[in-house]
1. Could you pull out the residue among A258, A288, A302, A278 that is crowded, with 23+ Cβ neighbours inside 10 Å and either closer than 28 Å to R195 by Cβ or in contact with a strand residue (DSSP E or B) (Cβ under 8 Å, 6 or more places away or on another chain) (or both)?
2. Does any residue of region 243-252 turn out to be within 21 Å of A151 (Cβ to Cβ) and either of a type outside the set (V, I, T) or without any contact (Cβ under 8 Å) to a residue 24 or more places away in the chain (or both)?
3. Can you tell which of H274, H268 is touching a Pro at 6+ places or on another chain (Cβ under 8 Å), within 18 Å of V355 (Cα to Cα), at pLDDT 95 or above and not β-branched (V, I, T)?
4. I'd like the full set of residues that are touching a Gly at 6+ places or on another chain (Cβ under 7 Å) and within 30 Å of L112 (Cβ to Cβ), limited to region 13-47.
5. Output yes when any residue across region 284-300 is farther than 20 Å from M71 by Cα, of a type in the set (G, A, S) and touching an Asp or Glu at 6+ places or on another chain (Cβ under 7 Å), and no when none is.
6. Is it the case that some residue within region 307-326 is under 19 Å from M240 (Cβ atoms) and in contact with an Asp or Glu (Cβ under 7 Å, 6 or more places away or on another chain)?
7. Counting residues that are closer than 25 Å to W255 by Cβ, which strands (runs of 3 or more DSSP E) fully inside region 100-216 reach at least 2?
8. Hey, can you tell me all the residues within region 37-48 that are closer than 20 Å to R66 by Cα and at pLDDT below 95?
Amino acid sequence: MIKRWTSRERVEAALNHRESDRVPIDFCITLNAYIRLREYLGLPAESNVQHDRFFEVRPPLDMIERLGLDMTFVRLRKPANWKSPPPLADGTQLDEWGVGRKLVDLPDGAHLFEVTYSPWKNLEPADIDLDAFAWPDPHAPGIANGLEQEARQLAEGAGLALMGRFGGPMLEIGGYLRGFEQWLMDLVLHPDFSREVLERIADIQIALDEQGIKAVGPYLSIFKASGEDLGMQDRPLFSMKVWKQVLFPPLERRWRAARAALDRYAPHVKVMLHSDGAIRPFLPDIIACGIEVIDPVQGVCAGMELDGLKRDFGGQLSFHGGVDTQFVLPHKSVPEVIAETSRVIQALGRGGGLVLGPSHFLQSDVPPENILAMCQTAHKQGVYPLRERLVPLA
């Protein structure tokens, strides 16, 4: 009898470096791309589509089923007692960190909540009282309300693999608080201050991570240890000195705390780091402190060539993503998308270790036919055992 794999089984096989029936699929998508994709697929239009501050939409079950996706995610709620502060005079809205954003309309009809106010931007580190700052409360009531029921329905009812996304980023929050340019300067000029800021942020994110893991750990397949963009296109964003002395110690503490919480509640779950760009020099440290999955795998960046990553790190890491969202998915033809998706499967999928998806959000510049081609190719070309040649999709 041929085994019928559930999505969760398929994903967990890949994460454990085993081959299932096919390579599993996942993606993240933003609002305009989501609306166009629904229309292209002939799915009913929705009113009042829910999205986050990055305009990310969690695909509902009808789209997941139509495309044959294998994963979705769960996240914590806003605190029950959260009230948005009054906006600033220019309309800037403050978040729980005291960081302000304004809605910016982009030329292609998409939108972005751009950071327009950083509370520490014009201060010297000596003038910032970290003890007096109004840090978010990670123990605020209501942030896990209904989370277990939601996760159970998705994992057991729909048979999906789940990613837990609980605490947020650390390095990015530092940049929001100080302003990005000032934050990068602080890392070099004021390393002790920067390290202390990151340790304070880590305390909050660890508490949030642990609440989410305690609530729904057994239903998860992947825990996302936030997003920490460490690379540019052609090199790492930070020097090894800054990495070793300032950034890595608080990040490592946070990642190890997540692993410890998972070992208590859900030892089967893998820890994933999201980082864009050219991050190869940091991978040995990242692996050594317990990261088991890397996302989104930007193969166009220096040192991130897919074959090399699989060769050098494929025994220790699994890969989530891989299909280029800078050049191929937005701008190439369907046959070229098929070829790129097949290339990623061949490079990263042998012996398991790949959850295929785009190398970042599917944004408004990605045509829906290219999204469908990527998913269909994964279903056709990703069947184990993998074949070297392209198989017609028809």
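The values are calculated or read from the model by the stated rules, or taken from the named source; none is laboratory data. Because the structure is predicted, anything quoted here is derived from the model rather than measured. Virtual Cβ from ideal backbone geometry, glycine too; neighbours counted across all protein chains shown.
1. Exactly one of A258, A288, A302, A278 is crowded, with 23+ Cβ neighbours inside 10 Å and either closer than 28 Å to R195 by Cβ or in contact with a strand residue (DSSP E or B) (Cβ under 8 Å, 6 or more places away or on another chain) (or both), namely A258.
2. Taking every residue of region 243-252 in turn, none turns out to be within 21 Å of A151 (Cβ to Cβ) and either of a type outside the set (V, I, T) or without any contact (Cβ under 8 Å) to a residue 24 or more places away in the chain (or both).
3. Among H274, H268, only H274 is touching a Pro at 6+ places or on another chain (Cβ under 8 Å), within 18 Å of V355 (Cα to Cα), at pLDDT 95 or above and not β-branched (V, I, T).
4. Residues satisfying the conditions are I25, D26, F27, N32.
5. Scanning region 284-300 turns up at least one residue that is farther than 20 Å from M71 by Cα, of a type in the set (G, A, S) and touching an Asp or Glu at 6+ places or on another chain (Cβ under 7 Å).
6. No; the residues of region 307-326 include none that is under 19 Å from M240 (Cβ atoms) and in contact with an Asp or Glu (Cβ under 7 Å, 6 or more places away or on another chain).
7. Output list reads 161-165.
8. The answer is A45, E46, S47.
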